[in-house]
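First up is the structure itself, then whatever we jot down about it.
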Amino acid sequence: VKDGNITEHFWVVPFRRTEAGFVGILSNQPAEVHNVVLGQNIEFTRDDISDWGYTRNGHQVGSFTACVMFKRMSKEEADEMRTRFGFDC
């Protein structure tokens with residue numbers, strides 16, 4: 001999402017296809033931009049997607065951004081997220 005010169009990435013869950021692209025609900029709180037809010041419906045195109053993920057057989061597929069974020073967390077917090085959500089990274 002762009003707000004002036006600032007860009008922030010969001011998880012959008014759930015989402016569905018539309019004729020123009022996709023629509024879904026912002027599932028994390030904005031930290032940098034001020035033109036959207038948690039829980040807001042947002043329309044986007046395939047070109048707007050920077051990461052994706054889904055669960056298959058209890059394990060995350062994709063979600064590459066989360067794996068990068070684990071490196072910035074404490075070991076305990078990252079391990080809890082891996083166990084809770086099925087990340088293998």
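The values are calculated or read from the model by the stated rules, or taken from the named source; none is laboratory data. Not measured: the values here are computed from a predicted model. Reconstructed Cβ throughout: ideal geometry from the backbone, glycine too, with neighbour counts over all protein chains shown.
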**Message:** So ALA31 ticks every box in (1) surrounded by 13 or more Cβ atoms within 10 Å (Cβ to Cβ); (2) out of contact with any strand residue (DSSP E or B) (no Cβ under 6 Å at 6 or more places or on another chain); (3) among the hydrophobic types (A, V, I, L, M, F, W, C) but one. Which box is left unticked?
**Reply:** (1)
**Message:** Would you confirm, using the coordinates I've provided, whether THR83 is loosely packed, with under 10 Cβ neighbours inside 10 Å, free of Cβ contacts under 8 Å to residues at least 60 places away in the same chain and of a type in the set (Ser, Thr, Tyr)?
**Reply:** yes
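Residues PHE70, PHE64, PHE15: which one is under 24 Å from VAL1 (Cβ atoms), aromatic (Phe, Trp, Tyr), surrounded by 10 or more Cβ atoms within 10 Å (Cβ to Cβ) and in the same structural domain as ASP3 (by TED's automatic domain parsing)? Walk me through it before giving the result.
Working: PHE70 fails: in the same structural domain as ASP3 (by TED's automatic domain parsing); PHE64 fails: in the same structural domain as ASP3 (by TED's automatic domain parsing).
Step by step, each of PHE70, PHE64, PHE15 is checked, and only PHE15 is under 24 Å from VAL1 (Cβ atoms), aromatic (Phe, Trp, Tyr), surrounded by 10 or more Cβ atoms within 10 Å (Cβ to Cβ) and in the same structural domain as ASP3 (by TED's automatic domain parsing).
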**Request:** Show the residue pairs that are 6+ apart or on different chains and have beta-carbon atoms under 8 Å apart, the first residue being within the stretch 23-40 and of a type in the set (Ser, Thr, Tyr), the second being part of a strand (DSSP E or B).
**Result:** SER27/VAL12; SER27/VAL13
**Asked** Would you call ASP47 modelled with pLDDT of 95 or more and surrounded by fewer than 13 Cβ atoms within 10 Å (Cβ to Cβ)?
**Response** yes
**Prompt:** Do you know which of the residues in the stretch 18-28 that are within 15 Å of the chain's Cα centre (by Cα) and among the small types (Gly, Ala, Ser) is surrounded by the fewest Cβ atoms within 10 Å (Cβ to Cβ)?
**Reply:** SER27
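Based on what the data block shows, is PHE10 under 11 Å from the mean Cα position of the chain (by Cα), outside the structural domain of CYS89 (by TED's automatic domain parsing) and in contact (Cβ under 8 Å) with a residue 24 or more places away in the chain?
Working: under 11 Å from the mean Cα position of the chain (by Cα): yes; outside the structural domain of CYS89 (by TED's automatic domain parsing): yes; in contact (Cβ under 8 Å) with a residue 24 or more places away in the chain: yes.
Criteria met by PHE10.
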**Message:** For the list (1) in contact (Cβ under 8 Å) with a residue 24 or more places away in the chain; (2) over 17 Å from LYS2 (Cβ atoms), I need the number of the one condition that ARG56 fails.
**Reply:** (1)
